[in-house]
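Remarks on the structure that follows.
The values are calculated or read from the model by the stated rules, or taken from the named source; none is laboratory data. Treat the numbers as computed from the prediction; the structure is a model and nothing was measured. Ideal geometry is used to build each Cβ from the backbone, glycine not excepted, and the neighbour counts take in all protein chains shown.
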Amino acid sequence: MSRQAGACLAALGVLAAASGCSSGGEGGASVDRHPPGVVIRVPADLPTVQRAVDVAVPGDLVLVSPGTYRESVRITRPRVVLRGTDRNGVVLDGGLKLVNGITATGAGTVVENLTVRGYLANGVLFTGVTDEKLQRHGAGGSAYDPLDTTRFPPVEGFRATRVTAYGNALYGIYAFDARGGIIEDSYASGMADSGIYVGQCRPCDTLVRGNTVERNAVGIEITNASENLTVVGNRAVGNRVGVTVNSNDLESLAPQHGAVIAGNVVADNNSADSPQQADGGFGIGIGIGGGVDNQVERNLVAGNRAAGVVVTDPPGHPASGNRVTGNRVTGNGVDLVGAAAAPSNCFTGNGPGVQSPPGLEQLAPCGVNGSAPVPMGRAAAVQAPPGTPFNAVPPPPAQPSLPDPDAPAVPAVALPGPVDPASYPLPTSV
């Protein structure tokens, strides 16, 4: 930090102590008195994470030293980078009393290299929903009517890198009404809904890559999230359901369409040591419920007791135009399940496994126009075991930290950049 910036920050610290320094709107007199690019250290400069982000201006880095911080943090200013110096040692802890760990409504926010646990809703939430009452209910879903996207336009630009989220009641890392983002190299377990959730965006312009999700009700969930959404190179292993791609009317922007799911390991999603899913899903690898024109390719889908890949029609949202190609789908209760009425869903090159209806790849091959209607298939019947409370799932092992936590801040702008799903090959092993 420069001497001038340090002096400005010291003055801000005094002012914050005197005023409480709320995270008001852009241009507040108490927060714009230092040049951008300052490193604000917690607790060396300010004692809490919230106080630090309250004085941050666009381009600043809030750098948090190891410790347990029992607070909810709201980042409302744009292009603020919140980073821990040690991913495993910097812990935001909700104590099963606070609602959200980190809520970011500022465009271009980055959260990286830290852990969030014990919150009654979400670990990290990126959203354009600025109404705090809605955020308390998870920002979306059945707690309110489908979102007015004019009133709450999506937040533009976000990134979560090397975040560990575990033991939160709803979602670990949650992007809702947000676009132009990346969720990468992160870990989520013990979520009673889903480890990683991308919802209600069109176009999403979002990349989900290199994450590990385990012991969640659902590993990765995509709902009403469409166009330039790429889910690649992730491990969804040991959840109740690995990956879901859904359309529903609890959120706006249905139907979901145009996502690419490629190069992921989706295996053994039969975990009894996980929270129970509300609709009872269990033993499913990849499920498409009412999605349209999605590509599921080059994934290793193995050991899921009910179904490997299943395409279904939820009420009011027929699945159509989905392509399931070049995956290795093996050792599941039923490997491929076509349970949607539209003949335009197609299946090719996914291995010689068990298919329902029998011969599904011959009945609905890709690259053939005018296919005849396909009989409805079924997954294997599996009884879901009782769930584990979200706060009783064991803590995860230590996860890799950023190699250089003192590196300059890089806000989340112009993301995700070029994405080539073809560069993610079919995994060779679980």
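Please work out which residue is surrounded by the fewest Cβ atoms within 10 Å (Cβ to Cβ), limiting yourself to the range 153-170 and to residues that are in contact with a strand residue (DSSP E or B) (Cβ under 9 Å, 6 or more places away or on another chain) and not in a strand (DSSP E or B).
Top of the filtered list is Ala169.
Against the definition (aliphatic (A, V, I, L, M), within 22 Å of Ala381 (Cβ to Cβ), outside the structural domain of Ile183 (by TED's automatic domain parsing) and out of contact with any Cys (no Cβ under 7 Å at 6 or more places or on another chain)), how does Ala262 come out, yes or no?
When the stated conditions are applied, Ala262 does not pass them.
Restricting the range 330-343 to residues that are surrounded by fewer than 18 Cβ atoms within 10 Å (Cβ to Cβ) and at pLDDT below 95, which is farthest from Arg240 (Cα to Cα)?
Pro343
Looking only at the range 226-245, decide whether some residue is in the same structural domain as Thr105 (by TED's automatic domain parsing), surrounded by fewer than 24 Cβ atoms within 10 Å (Cβ to Cβ), touching a Ser or Thr at 6+ places or on another chain (Cβ under 7 Å) and not charged (D, E, K, R).
yes
With the checklist (1) surrounded by fewer than 17 Cβ atoms within 10 Å (Cβ to Cβ); (2) assigned to a loop (DSSP other than H, G, I, E, B) in hand, flag the one item Val374 doesn't pass.
Against the list (1) surrounded by fewer than 17 Cβ atoms within 10 Å (Cβ to Cβ); (2) assigned to a loop (DSSP other than H, G, I, E, B), Val374 comes up short only on (1).
Which ranges mark the strands (runs of 3 or more DSSP E) fully within the range 33-98 that have 1 or more residues being of a type in the set (S, T, N, Q) and in contact with a strand residue (DSSP E or B) (Cβ under 6 Å, 6 or more places away or on another chain)?
Numbers: elements: 39-42, 61-64, 67-69, 73-75, 81-84, 90-93.
Because the criterion is at least 1 residues that are of a type in the set (S, T, N, Q) and in contact with a strand residue (DSSP E or B) (Cβ under 6 Å, 6 or more places away or on another chain), the strands (runs of 3 or more DSSP E) in the range 33-98 that meet it are 67-69.
Is it fair to say Val337 is more than 30 Å from Thr115 (Cα to Cα), under 23 Å from the mean Cα position of the chain (by Cα), not hydroxyl-bearing (Ser, Thr, Tyr) and not assigned by TED's automatic domain parsing to the domain that holds Val62?
In short, no.
Does at least one position in the range 198-209 carry a residue that is modelled with pLDDT of 95 or more and in contact with a Cys (Cβ under 7 Å, 6 or more places away or on another chain)?
yes
Do we have any residue at all in the range 236-254 that's outside any loop (DSSP other than H, G, I, E, B) and in contact with a His (Cβ under 9 Å, 6 or more places away or on another chain)?
yes
If Ser252 satisfies every condition in (1) over 27 Å from Gly333 (Cβ atoms); (2) surrounded by 24 or more Cβ atoms within 10 Å (Cβ to Cβ) but one, which is the exception?
Exception for Ser252: condition (2).
Identify, from the list Asp273, Asp279, Asp268, the residue that is on the phi > 0 side of the Ramachandran plot and either without any contact (Cβ under 8 Å) to a residue 60 or more places away in the chain or not assigned by TED's automatic domain parsing to the domain that holds Ala217 (or both).
Going through Asp273, Asp279, Asp268 in turn, the sole match is Asp268.
Between Leu114, Leu96, Leu61, Leu125, which is touching a helix residue (DSSP H, G or I) at 6+ places or on another chain (Cβ under 8 Å), touching a residue at least 24 places away in the same chain (Cβ under 8 Å) and buried (at least 24 other Cβ atoms within 10 Å of the Cβ)? Show your work before the answer.
Values: Leu114 fails: touching a helix residue (DSSP H, G or I) at 6+ places or on another chain (Cβ under 8 Å); Leu96 fails: buried (at least 24 other Cβ atoms within 10 Å of the Cβ); Leu61 fails: touching a helix residue (DSSP H, G or I) at 6+ places or on another chain (Cβ under 8 Å).
Testing whether each residue is touching a helix residue (DSSP H, G or I) at 6+ places or on another chain (Cβ under 8 Å), touching a residue at least 24 places away in the same chain (Cβ under 8 Å) and buried (at least 24 other Cβ atoms within 10 Å of the Cβ) leaves just Leu125.
Can you confirm whether Leu363 is buried (at least 17 other Cβ atoms within 10 Å of the Cβ) and more than 22 Å from Ile261 (Cα to Cα)?
When the stated conditions are applied, Leu363 passes them.
Any residue in the range 359-374 that is free of Cβ contacts under 8 Å to residues at least 24 places away in the same chain and either closer than 28 Å to Arg240 by Cβ or of a type in the set (S, T, N, Q) (or both)?
Yes; the residues of the range 359-374 include at least one that is free of Cβ contacts under 8 Å to residues at least 24 places away in the same chain and either closer than 28 Å to Arg240 by Cβ or of a type in the set (S, T, N, Q) (or both).
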